[in-house]
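Enquirer: Dropping a structure here in structure tokens format, bear with me for questions.
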Amino acid sequence: MTTPTGQRRAITAPSIRARKGQEPLVMVTAYDAPSARVVDDAGVDMILVGDSLAMVVLGYDNTLQVTTDDMAHHVAAVARTKPHALIVGDLPWMSYHVSREETVRNAATLVRAGAGAVKLEGGRKRLDAIGAILDSEIPVMGHLGLTPQSVHAIGGYKVQGKQLDAARTIVDDAIALAEAGCFALVLECVPDGVARMVTDAIDIPTIGIGAGRHCDGQVLVYHDLLGLEDRKLPRFVRRYADIKGESTMAVAMFCDDVRAGSFPSSEETYHMTDQMPSELHLYSGDDAYARNIEVPG
Ligand code: KIV
């Protein structure tokens, strides 16, 4: 979407909500300025500063270790790039579980850092938290299915909603979240039939990850999509590049060049000017390189 002066219009939560059933929405995670520039230049609709940060950037084994301040630090880095895409800040575990007051304060911290919306995990038991955030005029994205912040309660990272009862719970939770006023909903690791039932049952966009193609949009984690890591990936990830392999190769080439003495070259070096004392000419420029002269310390 462009403004009358030809500039791209910033994407907002209401504009995402209004795109239900239209061209599929695209969301990709980003956690810092370079990754935000990459995904925004590529044309995503939403940048999720996800709490997957804990695992793919900070090296933790699960998402439970990050705090609101950690999230705000990374939301701010993404926001400094002034992306066209909507920035969605993920509320971390325990930031919306204790009280309405704390919930609102934490959501506001992410908005002050630059998020245009926040995301939180869980169904009907989170309605109070969702209501409190919406009352503070902050758009909320829901997250159902596999909710990684519940890893201990669920007993691992497993596909959710495979049985009829569990599928019904997800659909009912989705209806409740949509009715509460969420502008969109992430559906993670559910069978495609469940994703389809949810997508048909609610009037807000569903954004799938491991939820098949019957969603209103798709989201992937930046590091998975680009192959920035070579850990074993879930089956729903399509890897579009091998950046880890390419990066390792590039750094190995740098190691070789330094050890072989071929880096830096004369062109990659600053040389002294003609005004320097004549005895220093000896130590400067291509001649010095050719003679491999050591500059006195
Ligand atoms: O934190 C995250 O990256 C997420 C996505 C998997 C949806 O919540």
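The values are calculated or read from the model by the stated rules, or taken from the named source; none is laboratory data. Just so it is clear, the model here is predicted, and its values are computed rather than measured. Heads up, the Cβs are rebuilt from the backbone with ideal geometry, glycines too, and the neighbour counts pull from every protein chain shown. Calculation scope for accessible area: heavy atoms of the full protein, side chains included, ligands and nucleic acids excluded. Shrake-Rupley method; radii C 1.70, N 1.55, O 1.52, S 1.80 Å.
Enquirer: Per the 1.4 Å probe, what fraction of the accessible area of region 13-225, in percent, lies on carbon and sulfur atoms?
Expert: 50
Enquirer: Moving to a separate point now. Assigning unit charges at the beta carbon (Lys, Arg +1; Asp, Glu -1) and nothing else, what dipole magnitude in debye, to the nearest 20, does region 152-239 show about its Cα centre?
Expert: Numbers: 10 positive and 12 negative charges, 104 e Å.
Result for region 152-239 is approximately 500 debye, rounded to the nearest 20.
Enquirer: Would you mind checking the tilt of helix 33-42 against the longest principal axis of the Cα atoms of the chain, expressed as 0 to 90 degrees and rounded to 10?
Expert: 70
Enquirer: Also, quick follow-up: Multiply the residue separation of Asp203 and Asp242 by 0.36 nm, subtract the distance between their alpha-carbon atoms, and state the gained length in nm to one decimal.
Expert: Taking 0.36 nm per residue and subtracting the Cα distance, the gain is 10.3 nm.
Enquirer: Along the charge dipole of the chain, Cβ charges K/R +1 and D/E -1, which of Ala30, Ile138, Ala178 sits furthest on the positive end?
Expert: Ala178
Enquirer: For Ser15, Ser247, give the ranking by accessible area with the largest first, probe 1.4 Å.
Expert: My answer, sorted largest first, is Ser247, Ser15.
Enquirer: Additional query: Mind checking the full-extension length gain between Arg37 and Leu134? Use 0.36 nm per residue of separation minus the Cα-Cα distance, one decimal, nm. Numbers along the way, then the final one.
Expert: Working: separation 97, 0.36 × 97 = 34.92 nm, distance 2.88 nm.
Difference between extended and current length: 32.0 nm.
Enquirer: Based on DSSP, what percent of beta bridges with both residues in the chain are antiparallel, to the nearest 5? Could the numbers behind the result be given before it?
Expert: Numbers: 1 of 28 bridges.
Bridges in the chain that DSSP calls antiparallel: roughly 5 percent.
Enquirer: Something else now. Report the extension gain between Ala250 and Ala153 in nm, rounded to one decimal, defined as 0.36 nm multiplied by the number of residues separating them, less their alpha carbon distance.
Expert: Using 0.36 nm per residue and subtracting the Cα-Cα distance, I get 30.7 nm.
Enquirer: Charges only on Cβ, +1 for Lys and Arg, -1 for Asp and Glu: so what's the dipole of region 13-225 about the Cα centre, in debye to the nearest 20?
Expert: On the way: 18 positive and 26 negative charges, 25 e Å.
That gives a dipole near 120 debye.
Enquirer: Could you provide, to the nearest whole Å², the per residue accessible area of the chain with probe 1.4 Å?
Expert: On the way: 16050 Å² over 297 residues.
Value returned for the chain: 54 Å² of accessible area per residue.
Enquirer: Nearest 0.05, what FRET efficiency do Asp69 and Arg259 give at R0 = 41 Å with Cβ-Cβ as r?
Expert: Working: r = 42 Å, r/R0 = 1.01.
About 0.50, to the nearest 0.05.
Enquirer: Which peptide among 248-256, 226-234, 214-222, 44-52 comes first, and what is the full order, when sorted by highest mean count of other Cβ atoms within 10 Å?
Expert: 44-52, 214-222, 226-234, 248-256
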